[in-house]
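Below: one structure, written as structure tokens.
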Amino acid sequence: MSEFVDTSTFGARSVLVDNIGLLYTGDPAREEIPDAALVIQDGQVAWVGPSGEAPDADDRVDVQGAGVIPGFVDSHAHLVFAGDRTAEFNARMSGQAYTAGGIRTTVAATRAASRETLTGRMHDLVAEMRAQGTTTVEIKSGYGLTVEDERRSLEYAREVTEETTFLGAHVVPADMAADDYVRLVTGEMLAACAPYAKWVDVFCERGAFDGDQTREILTSGIKAGLLPRIHANQLTEGPGVQLAVELDAASADHCTHLTDADVEALASGNTVATLLPGAEFSTRSPYPDARRLIDAGAVVAIATDCNPGSSFTSSMPFCVALAVREMRMTPLEAIRAATYGGARALRRDDVGVLRPGARADLVVLDAPSYVHLAYRPGVPLIRTVFSS
Ligand SMILES: [Zn+2]
């Protein structure tokens with residue numbers, strides 16, 4: 001079990017984290033520093049550089065050659081839900097295909113759950129994530145699908161993160177016509193949810209919402225002051241990625257089925273391609289072509305997509321290992337995607353990076369470098385997590 005160090009307990013004292021084996025900074029200007037050190041002050045990184053050049057500090061922590069990375073930025077997670085989909089997973093692993101409709105099972109359980117049940121599960125999952133090195137997490141609604149159930153999902157998510165996403169448009173509820181539901185999502189539901197949300201998201205997919213509906217929902221969200229992101233091109237090719245780039249969405253998530261034009265749009269636009277390999281792993285589906293995106297020049301993030309249906313993992317190290325082994329990313333590209341990439345997908349420059357002024361969210365590994373996250377898959381290599 002990893003140790004958590006709350007940097008707010010340092011008060012005004014500066015702390016030198018010294019004798020780092022390999023420091024991965026997430027800063028494109030200076031990504032890797034061997035034999036490094038880092039100073040924390042007032043909850044922020046005050047200095048990074050070679051160990052021999054480190055300034056004096058009030059306290060010193062010797063990590064004895066361990067690798068250090070920024071805390072992971074998990075930019076895509078669904079943590080407000082109740083119920084269990086073990087049986088569905090078991091059936092899928094016995095040969096049934098994944099469809100978007102399984103979401104409705106979780107919706108019924110979530111609507112019936114108490115505040116205590118929903119927040120208890122959410123806090124447990126956030127703690128599980130933190131123990132595995134995640135210090136920033138985005139949380140979506142999307143298992144309520146009524147005005148009040150979506151609103152309270154976001155209210156609960158706000159307890160643990162400022163990165164909250166209104167995903168009323170996750171799937172059309174079983175008892176409603178699609179047009180009526182889109183009207184609700186863009187009207188009364190949006191008005192109730194916007195005060196608790198930073199982002200608006202749509203599951204743009206066959207069986208969920210088409211291009212016109214997605215555009216209408218995102219545009220309404222933008223008018224209400226929210227920033228757009230999209231579940232795009234997960235199960236089939238479709239309009240999601242193009243729409244994401246056109247609307248300057250921070251991220252197009254999944255990106256599993258892309259045309260050449262989609263790749264080109266992502267490479268030339270300001271939208272991050274967020275890959276969620278836990279979903280392909282858990283549905284036995286083909287992985288996104290990360291190489292094609294990276295080689296074209298797109299910014300790539302990886303995230304867990306932690307949710308009870310299609311990717312019930314909270315582990316960024318596991319996703320890093322999948323990215324390397326299954327999506328042919330190099331270990332450097334994978335760690336970059338899990339830190340710097342995730343921060344870009346949330347339009348943040350104070351996390352996912354260790355440079356002066358950034359938050360002092362960092363992870364000391366039980367290994368000399370981040371490469372071991374893929375080299376030693378499934379091994380608990382998160383020794384200490386510094387955050388506040
Ligand atoms: Zn998702």
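The values are calculated or read from the model by the stated rules, or taken from the named source; none is laboratory data. These numbers were taken from a predicted model, which means no experiment stands behind them. Backbone-built Cβ (ideal geometry, glycine too); neighbour counts: all protein chains shown. Please note that ligands, DNA and RNA were not included when accessible areas were found on the heavy atoms of the full protein model with its side chains. Shrake-Rupley method; radii C 1.70, N 1.55, O 1.52, S 1.80 Å.
Report the relative contact order of region 233-385, percent, no decimals, based on alpha-carbon pairs under 8 angstrom and at least 6 residues apart.
On the way: 284 pairs, mean separation 27.2, N = 153.
Dividing the mean separation by the residue count of region 233-385 yields 18 percent.
If both residues of a DSSP beta bridge must be in the chain, then about 40% of such bridges are antiparallel. Of all beta bridges that DSSP places with both ends in region 1-129, some 70 percent have antiparallel geometry.
Using the heavy atoms of the protein chains alone and a 1.4 angstrom probe, what is the accessible area of the chain per residue in square angstrom? Please list the in-between numbers first.
Details: 14740 Å² over 388 residues.
Here the per-residue accessible area is 38 Å².
Among the protein heavy atoms of region 126-249, carbon and sulfur supply 50% of the accessible surface, probe 1.4 Å, non-protein parts ignored. Need one word for region 289-388: rounded, prolate or oblate. Basis is the Cα gyration tensor (sqrt eigenvalues a ≥ b ≥ c); a/c below 1.5 gives rounded, then a/b vs b/c decides. Rounded, since a/c falls under 1.5.
Sorting 333, 155, 237 by solvent-accessible area of protein heavy atoms yields 237, 155, 333, largest first, with a 1.4 Å probe.
With unit charges on the beta carbon (Lys/Arg positive, Asp/Glu negative), name the residue among 132, 69, 87 whose Cα is farthest towards the positive pole of the charge dipole of region 67-137. Of the listed residues, the answer is 87.
Annotation for region 60-105 versus region 302-349: alpha-carbon center distance of 11 Å. Net charge in the neighbourhood of residue 48 (other residues with Cβ under 13 Å of its Cβ; Lys, Arg +1, Asp, Glu -1) is -4.
Projecting the Cα atoms of 174, 213, 225 onto the dipole axis of region 166-231, where Lys and Arg carry +1 and Asp and Glu carry -1 at the beta carbon, places 225 farthest toward the positive end. Across region 298-388, Cα pairs under 8 Å and at least six residues apart give a relative contact order of 27 percent.
Are there any helices in the chain, counted as whole DSSP H runs, that stretch 27 Å or more along their axis by Cα and score at least 0.5 on average by Kyte-Doolittle, and if so which?
Working: long enough: none.
TM-like helix candidates: nothing returned.
Using only side-chain charges placed at the Cβ, +1 for Lys and Arg and -1 for Asp and Glu, the dipole size of the chain relative to its Cα centre rounds to 480 debye.
Charge tally around residue 24: other residues with Cβ under 14 Å, Lys/Arg +1 each, Asp/Glu -1 each, net -3.
Under the criterion of Cα pairs below 8 Å and six or more residues apart, the relative contact order for the chain equals 21 percent. Net charge in the neighbourhood of residue 291 (other residues with Cβ under 11 Å of its Cβ; Lys, Arg +1, Asp, Glu -1) is -1.
A helix-only calculation puts the chain at -9000 deg cm²/dmol for mean residue ellipticity at 222 nm, using -39500 (n - 2.57) for each DSSP H run of at least four residues, averaged over all residues.
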